[in-house]
1. Binning every alpha carbon pair distance of the chain at 10 Å from zero, what are the percents per bin?
2. Given the stretch 1-100, report the % of alpha carbon pairs whose separation exceeds 20 Å.
3. Per DSSP helix of 4 or more residues, -39500 (n - 2.57); summed, then divided by the residues of the chain. What does that give at 222 nm, rounded to the nearest 500?
4. Using alpha carbons only, what's the Rg to Rh ratio of the stretch 114-210 with Rh from Kirkwood?
5. Rg to Rh for the stretch 41-149: what is it, with Cα atoms only and Rh by Kirkwood?
6. Run through all the Cα pairs of the stretch 27-72 and give the fraction in each 5 Å bin from 0, expressed as whole percent.
7. Taking just the C-alpha trace of the stretch 1-48, give me its Rg and Dmax in Å.
8. So what's the angle, to the nearest 10 degrees on a 0 to 90 scale, between helix 115-133 and the longest Cα principal axis of the chain?
């Protein structure tokens, strides 16, 4: 699978590393400590050194990206994974890298960034996009909702993913809305529902013989 998608892997890897270039350009203007974590109200509560934030974080994300690509490639059922799902999988880490840079650098330079709005909106949109793809996600050991019951029965897999697609799409929209009203506890509750509903449904199907 990696050979088949080598161009995509190369492009997404470059995107992941783009924040290093931006950080190099801004290097002399950046403080020695950069914010890398924020609390629910958008206040920075975690800092890293400039070399780590600018250089190490994108490299860690790049390593994670390649690890995920290798895991998907090693899946004996990777031929079941659609091209659209592969593209989605390959673009998640680059999106996270760009988001992290867009929050860290402006904040470090004193620009007010509404992290408490941007982060939930980003997460919600990811859920919406994934939710739209889940019903089309074919039986696989690496991409999809991997539970003992879904992996044990392809009909269970299909029904669980159809329901999860609807739940994740609606839940993602709800998570996006919470960002505009700073409803962090509600966001966590919605995400828990998004995880639990497909899992419980899959188990019920399993108990029914699927």
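Rule-based calculations on the coordinates, nothing more; no lab input. What you are looking at is a predicted structure, and each value in this text was computed from that prediction instead of being measured.
1. 8, 28, 32, 23, 8, 1, 0
2. On the way: 2281 of 4950 pairs.
The answer is 46 percent, as a whole percent.
3. Details: 7 runs with 141 residues, N = 210.
Dividing the helical sum by the residues of the chain leaves -23000 deg cm²/dmol.
4. Values: Rg = 14.3 Å, Rh = 13.7 Å.
Across the stretch 114-210, the Cα-based Rg/Rh ratio is 1.05.
5. Numbers: Rg = 16.8 Å, Rh = 16.0 Å.
Rounded to two decimals, Rg/Rh equals 1.05.
6. 5, 20, 18, 18, 17, 13, 8, 2
7. Rg and Dmax of the stretch 1-48, Cα atoms, are 16.0, 44 Å.
8. 30 degrees
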